[in-house]
1. Using only Cα atoms, figure out Rg for region 209-250 and give it as a multiple of 2.2 N^0.38 Å.
2. Can you bin every Cα-Cα distance in region 137-202 into 5 Å intervals starting at zero and give me the percent of pairs per bin, rounded to whole numbers?
3. Considering amide H positions built from the backbone, and no H for Pro or chain starts, which residues 5 or more places from Leu499, or on another chain, come under 5 Å of its amide H?
4. Assign one of three labels to region 328-487, namely rounded, prolate or oblate, based on the Cα gyration tensor with a ≥ b ≥ c the square roots of its eigenvalues; rounded applies when a/c is under 1.5, prolate when it is not and a/b is larger than b/c, and oblate otherwise.
5. Name the trypsin sites (Lys or Arg not before Pro) in region 1-102 that are in a loop by DSSP and that have at most 15 other C-beta atoms within 10 Å, would you?
6. Give the cross-link partners of Lys409 among the lysines, using a straight C-alpha distance below 29 Å as the criterion and excluding same-chain residues fewer than 8 apart.
7. For region 1-74, what is the convex hull volume of the alpha-carbon atoms per residue, in Å³?
8. Out of region 1-86, which GluC sites (Glu not before Pro) are coil in DSSP terms and have no more than 16 other C-beta atoms within 10 Å?
Amino acid sequence: MDNYYQFHDLEDMKKLPGLSIPDYRELNRRFLEAVHEPANKIYRTNPENGHPIFGAYTLSDSNEMVTWGILAVGEWLMNLDTEWIAPTYFDFFSQSHQVFLNSPHGNGTEFWYLFYVNLLAGAVYRTLYQGDERAERCLIESAGSMKAMAYRIAYDFNAQGFDFAAGHPFTNKDIYRQPDSSAGYAYQMLFASQVLGQSDCLEESIRAIRLYQAHESNPWYEIPNGSAGLLTAAWLQSHGYKNDVEKTAFWVFDHENGPLQKGSWGEECVNGLMMGWRGDTRKDAMDSAYSMESLMPMQLLLPAVRFCPALAEAVACWVRHVMSSFQLFYGQGKTKLRETRPDLNPAVPYEKLRRTDGEENPTACGDFCGERSVYGAGYLMWLDALVRNTEQEWIFALDLSITDWISRKTCPVYLIQNPFDREVTIHFTVADIWRKKRPDLFEKTFQVWELSSMRETGTSDGEITVTLAAGECGYIAVLKEAPETAGHFICGADGEELLYREVN
């Protein structure tokens, strides 16, 4: 399992970051305090029904699924009470168009919003509404509407979006065309086939991901589509549906024509951050990075490793660097950055970093309608579940399962990459959300298995100890019983697909 994909733009990220990784638990604690402080005007209620609503930015008066969904799933991942935030879910389902939309009462939507909103809708179903018949029905109808839309446009996603009221695509300016949306659609169809029982959607997913990969150059517009496409490609490949996973991953980790930032702006290293969108020009895109786009791929790239272990080294190195560079959105790095709105609550990071001609270091600033990014900060709530700290700086236990919204049943599987040229022994604890999601694993003690060697490393009631050789990637699973090999997968006793394996 050590034949890793190599990506030119990640080569420097095999080295350790220059900035230590901040305490994300503390950053998240401050953010949550800011959310519930009325003066910040982040948490509001809908005057029509009293449901919680959130805009993308501090001081925003909008009501957006791309913010609410991130916060709602974040509350669940932190193992907190979600009853207060959950009722807003159905407000985003359009009764007129039978599809989830970013804003209630909308008609038209950009493609990236459409597919990411529905990805979040699926995530909320798998967390807050699992098994709820009304939620399942809404998702099935939404998948049907997206499939009908794909037929209507003859699978040509080279437009800005779709107007459900008019029944046709729209493009306001050519720079807003979003050809990578076939990848977002592929994910939606895979989710519908595996979670919602819509078997006919599997062929839709296969067709869409191959259309995406048929582009000669990187079709990137917004990273949610590309990262969802990578998980889709990895899942399909591991289940016998041939497609080009490596090409799909390259388009995510592409600095020249895709979204990945690397290198330094003045004294500040931006390795691992993501550009926001294609931009008016390539220079515009390359001179900016965005907070939401930088953290959101983690929920999809980590599960992709389980279905394609060849991604492990690249994903682990990227996670390490993006977590180091993300502090720049707070205006902090090796230097104190210039900020455009220091008067707003500093617990909420800025939406954007901008590299400006004539300035040595980047500026922490806003974009379009806002400054400090609530939907970027919302991913702080996800990090403690996804990235488990160890006592060794730079080594984390990365959860490959908790945000896998596609698999019917999962258990904890962790990727741990040792970046050092020496053996290390590390300790970490399983995130609390697993005790809620899989209480059967924690009735007394659980078994801990290293999957590459199929070796039991002991039993535990909480803390896991792992020894890794120099440069090693290890895969640790928490199980009730010994894992089994079944075809191309190492599986749990209950049939969970733990890790793909090559069969000679």
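The values are calculated or read from the model by the stated rules, or taken from the named source; none is laboratory data. On a predicted model such as this, the values are computed, not experimentally measured, just so you know. In this analysis, Cβ positions are derived from the backbone assuming ideal geometry, glycine residues included, and neighbour counts consider all displayed protein chains. These accessible areas exclude ligands, DNA and RNA; they are computed on the full protein's heavy atoms, side chains included. Shrake-Rupley method; radii C 1.70, N 1.55, O 1.52, S 1.80 Å.
1. In units of the globular-protein estimate, region 209-250 measures up at 1.06.
2. 4, 17, 26, 24, 16, 9, 3, 1
3. It is Ile490, by chain and number.
4. Values: a/c = 2.93, a/b = 2.00, b/c = 1.47.
Here region 328-487 falls in the prolate category.
5. For trypsin sites (Lys or Arg not before Pro) across region 1-102 that sit outside H, G, I, E and B with at most 15 neighbouring Cβ atoms in 10 Å, the list reads Lys15, Lys41.
6. Of all the lysines, those that pass the test against Lys409 - Cα under 29 Å, at least 8 places apart if same chain - are Lys147, Lys242, Lys247, Lys436, Lys437, Lys444, Lys480.
7. Convex hull of Cα atoms, per residue: 184 Å³.
8. Loop-located and lightly packed - Glu48, Glu83.
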